[in-house]
Amino acid sequence: MEQYVVALTITSSGNRMTLTRAIPGFVTSYHEQWQYLFATSIVAIVPVVVLFVFVERYLVAGLTAGGVRG
């Protein structure tokens, strides 16, 4: 939620906007553009999933190392 508010504040013009700010624009009260909504959602999610795949090993190692009592 916080990222959406920051993106909404920083990009006040309609020419440039972030993906999180563009996604709600595909749903109006009369028509939903599902193909654009889903395509934009995939483009927003894929980099996060790819980053998690590479970082997951170190994340789990750090969590387990911090949970061991000596």
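Figures for the structure shown
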read-out	value
Built amide H within the under 5 Å cut-off of residue 11, gap 5+	none
Whole-Hz ³J(HN,Hα) from phi, Karplus 6.51 cos²θ - 1.76 cosθ + 1.60, for the stretch 41-46, glycine and proline x	5, 5, 5, 6, 8, 4
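Bear in mind that the values in this text are calculations on the coordinates, not laboratory data. If you're wondering where the values come from, they're calculated on a predicted model, not measured in any experiment.
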